[in-house]
Structure formats: C-alpha cells, structure tokens
Amino acid sequence: GPAQVGPSPAVAALSRRFAELLAREGPGAGHSVRELAGVLGVSVSYLSEAVKSATGRTPAQLVRDAQVLEAKRLLSGTDLTVQRVARDAGFADAAYFCRFFRRETGLSPGEFRRAVVRNHHAPRSLSIDA
C-alpha cells in the first residue's frame, strides 16, 4: 500500500496525551519523563518514539520547553525572586536553574528580565515625522 505519511493515529494520540498531561501538571511539578510515561501507562522508550515521530522533539525537550516558557512568563510578568521562579518552573536548585536557563535561552534569568523590562518601557514608536 501507499507509504504512511506522519505518525499512526495511536502514536499521534499518545503524543497529544503527553502534551495535555504536561500542560495540566505544569512544569512546576518537576515531573521526569519517566514519571509522565508511568502516568500514561507506557514505557519511556515507546513514549520517546511516539512523541519524537509526532512532534520532531523528544519528551525531554518538550519538558524543557515548558520549563523555559514558564520561567520566561514568571520573569517577565512577576517580581518573584529567581529562586522562586526556579522552584515554580520545577527546579529545586536555583544555581542549576540559572545554568539551564542560560543554556536554553543564551541569557541568565536576570539578563532576560532586564531585557524584557527595558523593552516594555521603551517608547512604542518613534516616527520620523513627529
């Protein structure tokens, strides 16, 4: 028969369930891929295969993406300490969180926060005709 395009329905469904579980639990829960696979009732290797074939990313990458997104949201939208942001993004250790955040974004949490704040306070548009 014709070559199958994209993941099978079962694989796509598992990948979707993983994404939903991750969104519901939130990165602050600090769940490992192993724990999430357990909740979904599948092996880590099957989950990894399914998610990778459906999204092009590994479950671990999606967990990291969720953690970065949550950290960015908290750094830009709150005055929480970096320590607290780390905890809320699922990291017990703030120093490790800072290394993780810099590796993922190229900025330290403090640099990211300052850059965002600077952009928020910049004049919206400087027209030449003004």
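The values are calculated or read from the model by the stated rules, or taken from the named source; none is laboratory data. The structure displayed is predicted, hence computed values, not measured ones. Backbone-built Cβ (ideal geometry, glycine too); neighbour counts: all protein chains shown. Ligands, DNA and RNA are stripped out before the accessible areas are found, and what is left, the full protein with its side chains, is counted by its heavy atoms. Shrake-Rupley method; radii C 1.70, N 1.55, O 1.52, S 1.80 Å.
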task = Out of the residues in region 56-69 that are closer than 16 Å to R103 by Cβ and within 8 Å of the chain's Cα centre (by Cα), state the one that is most open to solvent (accessible area, probe 1.4 Å).
result = L69
query = In the list Q61, Q67, which residue meets the criterion of being part of a helix (DSSP H, G or I), within 30 Å of N119 (Cβ to Cβ) and in contact (Cβ under 8 Å) with a residue 12 or more places away in the chain?
reply = Q67
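Yes or no, residue by residue, for (1) open to solvent by less than 50 Å² (accessible area, probe 1.4 Å); (2) part of a helix (DSSP H, G or I):
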residue	(1), (2)
G6	yes, no
R17	no, yes
A23	no, yes
H31	no, no
V39	no, yes
V42	yes, no
L47	yes, yes
A54	yes, yes
message = For region 85-106, give me each residue that is in contact (Cβ under 8 Å) with a residue 24 or more places away in the chain, surrounded by 14 or more Cβ atoms within 10 Å (Cβ to Cβ) and aliphatic (A, V, I, L, M).
response = V85, A89
message = If I filter region 70-92 down to residues being of a type in the set (V, I, T) and part of a helix (DSSP H, G or I), which single residue comes out as farthest from S15 (Cα to Cα)?
response = V82
note = Filtering region 70-84 down to residues that are farther than 13 Å from F100 by Cα and surrounded by 18 or more Cβ atoms within 10 Å (Cβ to Cβ) yields L74, L75
